[in-house]
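A.B. asks: One structure coming up, written as structure tokens, with questions to follow.
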């Protein structure tokens, strides 16, 4: 895995403590229309989230599977022969960050649910890295502020959301008039 993709991954192997789930808000109109979505469900019954923890997407093959349908091909038949999806990272108080997600796996085949989940989390990792590196101040101070120190640099006093608190719930299709897919994320507060 390239070092520039997500340097926080080494910190994600720690246990997620019992906590409350906080869904990241989406635009109200988006929640009330039928849409196609690719779900990321955790197989563990004791999960604190509707989705799968970031670290669970990067488990070695030797560990028990925690992602429901991890090997399923999930984008077959969507968008024809496109090799990438337009993706947008929307985070309250910050400018939206458009990016692309490859729809082709490293072996040249279609993406599995696990591989797609990794690509989505890489996009969030790049977004968090950019916010921290550029010392971006949110347009409003509040519950969803991104912590200025992430991973090994964080301390118990680091206020804000850590990348390691994210749980991927689903990838949603673009809304009419837009061609960017977006993720529904839960934040698990410790």
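The values are calculated or read from the model by the stated rules, or taken from the named source; none is laboratory data. Being a predicted model, the structure only gives us computed values, none of them experimental. Note that we place each Cβ from the backbone using ideal geometry, even for glycine, and neighbour counts take in every protein chain shown.
A.B. asks: Going by the structure shown, is residue 104 surrounded by fewer than 15 Cβ atoms within 10 Å (Cβ to Cβ) and over 22 Å from residue 165 (Cα atoms)?
C.D. replies: Judged against the criteria, residue 104 is a match.
A.B. asks: May I pose another question? If only one of 44, 50 is within 21 Å of residue 116 (Cα to Cα), under 14 Å from the mean Cα position of the chain (by Cα), part of a loop (DSSP other than H, G, I, E, B) and at pLDDT 75 or above, which one is it?
C.D. replies: 50
A.B. asks: I've got another one for you. Which one of these does residue 97 not meet: (1) under 28 Å from residue 43 (Cα atoms); (2) at pLDDT 90 or above; (3) in contact with a strand residue (DSSP E or B) (Cβ under 7 Å, 6 or more places away or on another chain)?
C.D. replies: Checking residue 97 against (1) under 28 Å from residue 43 (Cα atoms); (2) at pLDDT 90 or above; (3) in contact with a strand residue (DSSP E or B) (Cβ under 7 Å, 6 or more places away or on another chain), the one that fails is (1).
A.B. asks: Follow-up. Test residue 70 against the criterion of being modelled with pLDDT of 90 or more, outside any loop (DSSP other than H, G, I, E, B) and surrounded by 13 or more Cβ atoms within 10 Å (Cβ to Cβ), and give yes or no.
C.D. replies: So residue 70 fails the test.
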